[in-house]
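Chemist: Structure incoming, see below.
The values are calculated or read from the model by the stated rules, or taken from the named source; none is laboratory data. As the structure is a computational prediction, the values presented were derived from the model and not from experiment. Methodologically, a virtual Cβ is constructed for each residue, glycine included, from the backbone with ideal geometry; neighbour enumeration extends over all protein chains shown. In case anyone asks, the SASA skips ligands and DNA or RNA and just uses the protein heavy atoms, side chains included. Shrake-Rupley method; radii C 1.70, N 1.55, O 1.52, S 1.80 Å.
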Amino acid sequence: MDLQNLIARKKASLKSCKTVVTDQLGNKYEVERGQMKELEKGLPFVVDEKPDLHVANIIPGLYLSSQDPAVCFNILKEHEIRHVLSIGISVPEKFDGIQYYFCDLLDLPETNIIPSIKKCIDIIRTRRKENILVHCNAGVSRSPAIVIAYLMTTMKLSYDEAYDKVKEARSSIRPNDGFVKQLRSIENTTFVDE
């Protein structure tokens, strides 16, 4: 049996698989054997159905989490959080004695993160002495990217060093590829005067 026939035979014996794709507008498509079928429209993001109450202390005064601890007064009190910086998602419930800040940022690889970094670094730098929690929806891409940028620019760490430090404190982080590329491009950049 020649190689071409062997490949054809193996290919014919493969089980079909379906892939579901969701675009940025929430349109869902099922792809099977090269055919695309439109499905019922859904949300353009993953719905977080299980609370993630882990609050990671990155460096003194700087905390990272998902959105869940940001709406839990007891958790904020336990960590003596006085400031909450929300990245891309506004906190629906606000508590007395806590200052809230918002930075609009989409979790898309093509989003320019640099303006958000500049804005957030200043917020974090001036509020860290009173404990600041930085969060996004899941605490996986946007808020870790901001915290990594903060460490890179204020502590003069490389991307890899800053990433490792944040990953050690919160193992679930994974900034999207576009954010990673932009973060690598700002190594040795200072956005603030210390």
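Chemist: Mind listing whichever residues of region 88-115 are closer than 21 Å to ASN74 by Cβ and not polar (S, T, N, Q)?
Modeler: ILE89, VAL91, PRO92, GLU93, LYS94, PHE95, ASP96, GLY97, ILE98, TYR100
Chemist: Also, I was wondering about something else. With in contact with a Gly (Cβ under 7 Å, 6 or more places away or on another chain), farther than 30 Å from ALA169 by Cβ and either open to solvent by 100 Å² or more (accessible area, probe 1.4 Å) or modelled with pLDDT under 95 (or both) as the only criterion, which of GLY34, GLY42 stands out?
Modeler: GLY42
Chemist: Pairs only if they're at least six apart or on different chains, beta carbon under 8 angstrom, first in region 2-17 and in the same structural domain as VAL31 (by the TED database) and within 18 Å of GLU32 (Cα to Cα), second acidic (Asp, Glu) and at pLDDT 80 or above; list them, first residue then second.
Modeler: Pairs found: SER16/GLU32; CYS17/GLU32.
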